[in-house]
Amino acid sequence: MNPKNETEQLHLQYIKRLNKGHKQIRFYQLLIFLAFFSIWELASRKNWIDPLLFSSPSKIWELLQTKLTDGSLAANLGITLTETVLGFILGTLLGTCLAALLWWSPLLSKILDPYLVVLNAMPKIALGPILIVALGPNLTSIVAMGAIISIIITTIVVFTSFREVDHNYLKVLQTFGATRFQCFKEAVLPASFPTIISTLKVNVGLSWVGVIVGEFLASSKGLGYMIIYGFQVFDFTLVLLSLLIIAVFATLMYQAVELLEKKLIKNG
Amino acid sequence: MGFLTLNDIHHTYFTKTSATPALRNINIDIKEGEFVSFLGPSGCGKTTLLSIIAGLIQPARGCAMLDGKNTGKTDSGIGYMLQQDYLFPWKTIEENILIGPKINGTLNHAIKTETLALLDKMELRNVLTSYPKQLSGGMRQRVALVRTLATNPKLLLLDEPFSALDYQTKLKLENLVSSTFKTFNKTAILVTHDIGEAIAMSNRVLLFSQRPGKIHKIFDVPENLRLLSPFEARHHPAYNELFQVIWKELESLEPEE
Ligand SMILES: Nc1ncnc2c1ncn2[C@@H]1O[C@H](COP(=O)(O)OP(=O)(O)OP(=O)(O)O)[C@@H](O)[C@H]1O
Ligand SMILES: [Mg+2]
């Protein structure tokens, strides 16, 4: 057998082992998923858990179907999703821009440093009532909630990453006569992409929190409203349905960020 | 007056708790086409002096003039290769070597072809779309050299470019750099810890003394050595002679501190 063939053979074996490992992992993941829902269903039917409070998968499934047919779910989901995506993008974008501004002006960053610390430590959710009164109980104020919750932490994390970019990369560019903007574009920003992506991942979760709380406070539409309404009329099936839908769509958003990561960080 | 003139340069680093005098009283004249090496103990200010020449830091006193102009200006025509390669890990090799022309706005088809040809000359092929971390240390050094040469600088500053390489690769690269620079008649300053490398590659060796760095002594490399390639020079009797002299001089520097 010639050596080239042998390497190929080994490579095939390696791939086979890899696939087998994957299959095993998938199997256990599915098993947990099925076990969770069947035990939940069973426990609810046998009254091991309070069915009024914890509902059951079958009841949630039924409710999902009614809500789908009467179109109210799609409407509520659409609103919340729009708010969350907008809040997420706005929060990340503004946070990154603010970080860029701080990087641009070291003096400004030193002046603003204590304020950032204070703003970061403060629970942004507490600003909710003020935002709602100031901007009105509508989409704008809820998007603002989704954005404000992530903006400061984004600024801090991304700015730290900007600042920690190895100065020698900037030296290389400066020997070519690069302006500060060119340094930012060619070195500082791309070097920080990994950090920006991980803040994006955190922000997905944060913006959902902001938007749902915003809807608790003000809205008459959206998934947050469905939860608060379900709570008020003691319909916990509705609450759990909303929760599961949020889980699914938050995961999808997370996956979208991972897709972006693959596009942005090619050398990873 | 020479091509590059260093006029009475002093430099001190300040931090909150200390003031480190790094350079004192540096006066050098370097002619066009000359290859000069800086040799000296670690921490004597060689990198600092290169940064000053490149215009990256402002000396506390004195000035560096290239072709009669202060080197602090942008577009100074100086290529500076740092102590490590510092290739941008997020850029492909092609993007890395073309970053200089891209930054100073001279990137066009001719320059691109020229730079790619240079890469070829360095025996780097089929790496254009690779990323730096896919290359070996020696390959990365060569790419960094191409990147530095891409803007066609009048003066090259090389800070220990071969120190991280194995001996064989280092010898090969020395030959390559030496022949490339001779062909294009480049003026260059090489910082090195390796006495042999300094002798084999340059016309003049400047020996720096310990902190604060001063020029302790200047050695002229004999004409017959200069004409040889670095590899051949290492086998010439005159090489050994000069090696011994510089070695003794370096040793006499050490115990003072
Ligand atoms: N940014 C800085 N701040 C304070 N001190 C510095 C700084 N950079 C260098 N120094 C000090 O200045 C002196 C000269 O440093 P430099 O890097 O120029 O030495 P070098 O000759 O290049 O050494 P090596 O051969 O080890 O690279 C050293 O004593 C160092 O501690
Ligand atoms: Mg150094």
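Numbers for the structure displayed
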quantity	calculated
Distance (nanometres) between label positions extended 7 Å along Cα→Cβ at A:Ala121 and B:Lys248	6.8 nm
Solvent-accessible area, 1.4 Å probe, carbon plus sulfur percent, for segment B:59-204	50 percent
Shielded by partner chains, segment A:247-268 residues - at least 10 Å² of accessible area, 1.4 Å probe, vs chain alone	A:Lys266, A:Asn267, A:Gly268
Relative contact order (%) - segment A:58-264, alpha-carbon pairs under 8 angstrom, separation at least six	29 percent
Heavy atoms of B:Asp67 accessible to a 1.4 Å probe, total area in Å² rounded to 10	90 Å²
Rg over Rh [alpha-carbon atoms, Kirkwood Rh] for segment A:64-121	1.35
Calculated log₁₀ intensity ratio I(q)/I(0) where the Debye formula runs over C-alpha points of segment A:58-264, q = 0.07, 0.13, 0.18, 0.19 Å⁻¹	-0.27, -0.78, -1.19, -1.27
Among A:Ile149, B:Leu118, A:Leu53 the positive-end extreme of the charge dipole of the protein assembly as shown (Cβ point charges)	A:Leu53
Selection from A:Leu42, B:Gly43, A:Tyr28 lying farthest towards where the dipole of the protein assembly as shown points positive, charges on Cβ	A:Leu42
Among A:Ala256, A:Ala75, A:Ala35: highest mean-square fluctuation, GNM of chain A, C-alpha pairs under 10 Å	A:Ala35
Within segment A:3-49: Cβ-based charge dipole about Cα centre, in debye rounded to nearest 20 (Lys, Arg +1; Asp, Glu -1)	80 debye
Chain A: most fluctuating residue of A:Leu102, A:Leu73, A:Leu53 per GNM, C-alpha cutoff 10 Å	A:Leu53
Label point distance in nm, A:Asp50-A:Ala247, each placed 7 Å from Cα along Cα→Cβ	2.0 nm
Choice from B:Thr180, B:Thr20, B:Thr115 showing the highest fluctuation, given a GNM over chain B with Cα pairs closer than 10 Å	B:Thr20
Summed buried accessible area for A+B [probe radius 1.4 Å, Å², rounded to 100]	2000 Å²
Fraction of accessible area attributable to carbon and sulfur, chain A (%, probe 1.4 Å)	70 percent
Residues along segment A:186-208 losing 40 Å² or more of accessible surface when the other protein chains are present rather than the chain by itself (probe 1.4 Å)	A:Glu186
Estimated inter-spin distance, A:Ile39 and A:Phe181, nm [label 7 Å along Cα→Cβ]	5.9 nm
Cα centroid separation, segment A:36-82 to segment A:84-155 (Å)	35 Å
Out-of-range pairs (alpha-carbon distance over 27 Å; input A:Lys185/B:Lys69; A:Lys110/B:Lys214; B:Lys46/B:Lys154; A:Lys20/B:Lys91; B:Lys16/B:Lys69; A:Lys171/B:Lys248)	A:Lys185/B:Lys69; A:Lys110/B:Lys214; A:Lys20/B:Lys91; B:Lys16/B:Lys69; A:Lys171/B:Lys248
Residue-normalised accessible area of chain A, expressed per residue, 1.4 Å probe, Å²	59 Å²
A:Glu258, B:Glu95, A:Glu41, B:Glu197, ranked by accessible area, largest first (probe 1.4 Å)	B:Glu95, A:Glu258, A:Glu41, B:Glu197
Debye, to nearest 20: dipole size of the protein assembly as shown, +1 on Lys, Arg Cβ, -1 on Asp, Glu Cβ	740 debye
Solvent accessible area, Å² - B:Val146, 1.4 Å probe, full protein context	0 Å²
Chain lengthening between B:Leu128 and B:Asp220 when straightened (0.36 nm per residue, less Cα-Cα)	29.1 nm
Accessible area of A:Thr92 in the full protein assembly, 1.4 Å probe (Å², nearest 10)	10 Å²
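The values are calculated or read from the model by the stated rules, or taken from the named source; none is laboratory data. In this text, all values refer to a predicted model and were calculated from it rather than measured experimentally. FYI the Cβ positions are ideal-geometry reconstructions off the backbone, even for glycines, and counts take in every protein chain you see. To get the accessible areas, we keep the full protein, side chains included, count just its heavy atoms, and leave off ligands, DNA and RNA. Shrake-Rupley method; radii C 1.70, N 1.55, O 1.52, S 1.80 Å.
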